[in-house]
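For reference, the structure discussed in these notes is given below.
No value in this document is a laboratory result; all are computed from the given coordinates. Keep in mind that what you see is a predicted model, and the values were worked out from it rather than measured. No Cβ is skipped: glycine too gets one built from the backbone with ideal geometry, and neighbour counts run over all protein chains shown.
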Amino acid sequence: MARKDDILKSFLTNELLESKYELKKEELPSTIREALNSDKPIIKAIALIVEGLDGTSPVTDSVLRNLVTQFLNEVL
Amino acid sequence: MIIRKIQIDNYLCYYDTNPFELSEGLNIILGENGEGKTKFFEAVDWLFNGENRELDMLISAKKLNETEIGDSFRVRVSMTVEQYGSKSIITRSFLAKKEKANECSTSSFMIEGISENSLGERTQVDGQSLLDRIFPFQIRKYSMFKGEADLNIFESEGALVNLINLFSEAKHYDKYSEKGAFLREKAEKAVEDSSKLDKKNEVLYKKLEGEMLFFDRERAKYLVHLYSTEEEIRKIEGHLQLAESHVSNADALETLNKRIKEIEEKISYLTSRIDENYTTSLFDENWILVAFESFHKEFANKISAHSKTRRELQSDFDKQKGIKEGEKKAMAELLNNAVPLPIGVPSKSHMEEMLNDEICKVCNREAEKGSEPYEFMMKRLKTYLESQVIEANEPSRDEPLFKFNYTNRLDNLSMSHEDNLKNLRLIRSNIKELFEFNDDLKKDIEELNEQLEKEKTDRDRVLGNSSVAEEKLIDVLKNYNAWQKDLKNRNQEKVDCITKLKNIDSDLKAKKEEKDKIDTNSANSFLIKTRNILRDIETIFIETKEKKFDEFIEKLQTKSNNFFKTINIDAFTGKIVITRRNKVNRKIVEVELQEDGRTFYKPNQSLLTSMHISTLFAISELASEIKEENFPMIFDAPTSSFGENKTAQFLNVIFETKNQKILLIKDFLQTDKATKTLSIKKEFENVRRNKAFWVKLERPFDANNLKTINSQVITL
């Protein structure tokens, strides 16, 4: 498993996702690829950040910001 | 990685060629002080980190002495390493040329690397790159330790960061908390900008931001105060423990201190229960009304009398009203129930004219003065004239006597007071009870204070029995009590500071909620939702980073304690606790010894050394797990404070650890008093090891003449 997938998994085990977003553990993706296709905005947003920082081609701060905020502003 | 061989040529006391064929596991190098142990360590250190400075100071004096003027020789330290089945040789060396007697010139050093594959084929490579590849610099930092002081790796500022970067995945999470904060801040800004489009919000925002800034500054101020207070408390606790260590009867002192603490806590508890806030009781608990009953009685009597008067007046009024009604009725009967003409008909002037003429011009009859028609007309005129006069005090026919019923309200008030009298009568006993309660508490406190004084006198007596010199003891005693007092004050300061911080946090939270409320009412909803999600993401990032960090610390602590227990088998040790501590402007990690949560500020050197060595072995084990490789550890005199028995025990323990160890120690050697011959003690036979060497100066030698110095390497 790639490091980015491990990092993603560490974030997704945070209990806030279950307590506030009512996401069940069994529903959580285990890879970045799955998470990027998730219909849960918070999961996809986290995946975008992990891919942006630990993916094959890391992005700059402003690109990361555009990626994440544009996505969230559109889906919310 | 295994160091198979270290060879030292013409380096200081190591004249000519001196190979150390090392083994996996534990290698012990014995040596008396000044016979070559430390020079071995320094030679290896020079191989790893040597610089081009004062190279002439590294030359073997004996070799230089034996060299002809104009001739050269090489000063060299090399290491043969085995890693993943292949061999590497790294050599750092320089050329020394004898120019005159006792004088030489040196070349710059060179570092050579030779890589040998499993087939035995050798390749020349860059020595520095080879060294850094097989034995990375960061790992080397945790591999070589000179003396006991060197073992406390947490002493240096960046130690933890370095450890985390090497062995913990926590390092990957740093950037996430940074980027999380960055994204959240941008989202907050977008919401603010959207809210500020409404000019009214701009003013509110400015006000709130000002208030929040104030609270933020207050918070920072109190945090600094809290951290410095905590630091101060630790210092004082350290001083107290040190002072206690001067006292012969430490157990008695500990018991006394415990009792004193308990009594002080009791006093503090009882003092907090004393309720002498009489002003509040006076007004909030209505104590002010304690003598109200007599006033109430006077008041009630007055109200009762007043009520009676009112009723009498009302009754009279009603009677008068009834009489007037009766008169009207009687008049109506006199006129045979005919409807009388309105008053003023005939008019006043006509009536006066008719009276003057003594003739009723209505019925055209004479009406002499005194006659019945004359009197009738006169009465009609009088009635008219009376009707024109308004009597100020006479109520109109339909108006009540009393427009407002204040009396009824007073009656109700009086009744309500009557009902409350029952409660008011209890005030006197309540006051009595509270005063008695407070008095009892004060008595208890007084007794406790007496007890406290007694315990303190006992403590002073115990302190007085100390083995420390009298004048020093006076200082200790004086300081001890001052420190105790200071500690109490600082602890109170800490509590106050925490309370203040809680209040500030709550104020800050309220302001943030107020700001969020403005946003919710004004900003675009999608911006708010984005901001909220990014707030949560930042929280997740920070918490994950902290979790990873804590996991690493926990792992390091567990491993350290496993080693610690084994090294100090059957002896009291306590527990190694690795704590993150807030300093005024940074966070640090400290390793300390605790027992039941009590820190040992000044453990003895032996305990301290075994604690540090345990931590180092734990780090080494972590390195093995993470890098999937074992790295050697080289210690020069790590156990000077142990004593021979404990050293033997220690060596037997570390024999079991996986990685390669090279230990330079001065134990297990003895000098025959008569012959002055140096030999190895029998006890060394019981020490488990994989290989042992003895470095000793070739005899005879002149301690004042370096040209006679040559360390021999004897493989045992």
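Observations on the model:
- Counting only DSSP H runs of at least 4 residues, each contributing -39500 (n - 2.57), and dividing by the residue count of chain B, the helix-based mean residue ellipticity at 222 nm comes to -19500 deg cm²/dmol.
- For a label point 7 Å along the Cα-to-beta-carbon line of B:E211, residues of segment B:503-545 with backbone N under 12 Å: B:507-518
- Taking a straight Cα-Cα cut-off under 18 Å and skipping sequence neighbours fewer than 8 places away in the same chain, the aspartates and glutamates within cross-link reach of B:K37 are B:D9, B:D16, B:E21, B:D45, B:E148, B:D150, B:D636, B:E644, B:D667, B:E698.
- Fewest neighbouring Cβ atoms within 10 Å first, the residues B:T639, B:T530 line up as B:T639, B:T530.
- Toward the positive end of the charge dipole of the protein assembly as shown, with +1 on the Cβ of Lys and Arg and -1 on the Cβ of Asp and Glu, the farthest Cα among B:L208, B:G25, A:V59 is that of B:G25.
- Angle between chain B longest axis and helix B:37-49 axis [Cα atoms, degrees, rounded to 10]: 70 degrees
- Under 16 Å of direct C-alpha separation, and excluding same-chain neighbours fewer than eight residues apart, B:K509 reaches these lysines: B:K207, B:K500, B:K517.
- Fraction of beta bridges assigned by DSSP in chain B that are antiparallel (%, nearest 5): 80 percent
- Which listed pairs, of B:K175/B:K658; B:K100/B:K707; B:K87/B:K146; B:K559/B:K691; B:K62/B:K141; B:K175/B:K547, have C-alpha distances above 23 Å, in listed order: B:K175/B:K658; B:K87/B:K146; B:K559/B:K691; B:K62/B:K141
- Crossing angle, helix B:644-654 versus chain B [Cα axis fit, 0-90 degrees, rounded to tens]: 80 degrees
- Label point at B:E169 placed 7 Å out along Cα→Cβ; residues across segment A:5-27 whose backbone nitrogen lies under 14 Å: A:5-14
- For segment B:192-271, the ratio of Cα radius of gyration to the globular rule of thumb 2.2 N^0.38 Å stands at 2.14.
- Two-site FRET efficiency, B:I626 against B:D275, from Cβ-Cβ distance with R₀ of 60 Å, rounded to 0.05: 0.50
- Inter-label distance for B:D550 and B:A181, nm, one decimal - labels placed 7 Å from Cα along Cα-to-Cβ: 2.0 nm
- Assigned charges on the beta-carbon of Lys, Arg, Asp, Glu; chain B dipole about Cα centre (debye): 1580 debye
- Cβ-derived FRET efficiency at R0 30 Å, A:K20 paired with A:T56, nearest 0.05: 0.45
- Gyration tensor verdict on the protein assembly as shown (Cα atoms; rounded if a/c is under 1.5, prolate if a/b is larger than b/c, oblate otherwise): prolate
- Net length available on complete extension from B:E514 to B:D150 is 125.6 nm, with 0.36 nm assigned per residue and the Cα-Cα distance removed.
- Residues B:M611, B:M144, B:M57, B:M79 in ascending order of nearby Cβ atoms (within 10 Å, fewest first): B:M57, B:M144, B:M79, B:M611.
- Using only side-chain charges placed at the Cβ, +1 for Lys and Arg and -1 for Asp and Glu, the dipole size of segment A:3-75 relative to its Cα centre rounds to 100 debye.
- For chain A: rounded, prolate or oblate by the Cα gyration tensor [a/c cutoff 1.5]: oblate
- Gain on full stretching of the segment that runs from B:E399 to B:K199 - 0.36 nm per residue minus C-alpha separation: 66.0 nm
- In plain terms, the residue of B:R531, B:R184 with the fewest other Cβ atoms within 10 Å comes first and the most crowded comes last, giving B:R184, B:R531.
- Antiparallel DSSP beta bridges within segment B:623-716, percent to nearest 5: 65 percent
- Rounded to the nearest 20 debye, dipole of the protein assembly as shown from Cβ charges on Lys, Arg, Asp, Glu: 1480 debye
- For chain B, the square roots of the Cα gyration tensor eigenvalues, ordered a ≥ b ≥ c, give a/c of at least 1.5 with a/b greater than b/c, which places it in the prolate category.
- Label point at B:K348 placed 7 Å out along Cα→Cβ; residues across segment B:354-385 whose backbone nitrogen lies under 14 Å: B:381-385
- Lysine pairs meeting the criterion (Cα under 18 Å, 8 or more apart or interchain), as found in chain A: 12
- FRET efficiency for the pair B:E103 and B:V125, taken as 1/(1 + (r/R0)^6) with r the Cβ-Cβ distance and R0 = 51 Å, rounds to 0.90.
- Taking 26 Å as the straight-line reach from the Cα of B:K324, the lysines in range (excluding those fewer than 8 positions away in the same chain) are B:K308, B:K348, B:K379, B:K382, B:K403.
- Here the contact order of segment A:3-75, divided by its residue count and restricted to Cα pairs under 8 Å and six or more residues apart, works out to 29 percent.
- Take every pair of alpha-carbon atoms less than 8 Å apart whose residues are at least six positions apart; their mean separation over the length of chain B yields a relative contact order of 26 percent.
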